[in-house]
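> Below: one structure in structure tokens.
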Ligand SMILES: [Zn+2]
């Protein structure tokens, strides 16, 4: 954690704000609404989806 002082509460709050600012810049998943924190993610027609949601959306296809 950068800028560590002798005030742990202030340190924690600063860390929290930095984290929030960092997350605000990230795209959010259209399905679950979470910030996408992976280096690569699926984007379909401008909408982002995280790997977890993509996995949950994969269905078996009955191919004869
Ligand atoms: Zn998601």
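> Tell me the residue from 59, 13 that is surrounded by 10 or more Cβ atoms within 10 Å (Cβ to Cβ) and either touching a residue at least 40 places away in the same chain (Cβ under 8 Å) or out of contact with any strand residue (DSSP E or B) (no Cβ under 7 Å at 6 or more places or on another chain) (or both), please.
Selected residue: 13, the only one of 59, 13 that is surrounded by 10 or more Cβ atoms within 10 Å (Cβ to Cβ) and either touching a residue at least 40 places away in the same chain (Cβ under 8 Å) or out of contact with any strand residue (DSSP E or B) (no Cβ under 7 Å at 6 or more places or on another chain) (or both).
> Name every residue in region 38-51 that is surrounded by 11 or more Cβ atoms within 10 Å (Cβ to Cβ), out of contact with any helix residue (DSSP H, G or I) (no Cβ under 8 Å at 6 or more places or on another chain) and part of a loop (DSSP other than H, G, I, E, B), in order of residue number.
50 - this is the single residue of region 38-51 that is surrounded by 11 or more Cβ atoms within 10 Å (Cβ to Cβ), out of contact with any helix residue (DSSP H, G or I) (no Cβ under 8 Å at 6 or more places or on another chain) and part of a loop (DSSP other than H, G, I, E, B).
> Sticking with this one: If I go through region 27-48 residue by residue, how many of them are more than 8 Å from the chain's Cα centre (by Cα), in contact (Cβ under 8 Å) with a residue 12 or more places away in the chain and more than 8 Å from the ligand (Cβ to nearest atom)?
Going through region 27-48 one residue at a time, the tally reaches 5.
> Spot the failing condition for residue 18; the list is (1) surrounded by 13 or more Cβ atoms within 10 Å (Cβ to Cβ); (2) part of a helix (DSSP H, G or I); (3) within 11 Å of the ligand (Cβ to nearest atom), and only one is missed.
(3)
All of the numbers you see were taken from the coordinates with simple rules; none came from a lab. Because the structure is predicted, anything quoted here is derived from the model rather than measured. Cβ coordinates were reconstructed from backbone atoms using ideal geometry, including for glycine residues, and neighbour counts include every protein chain displayed.
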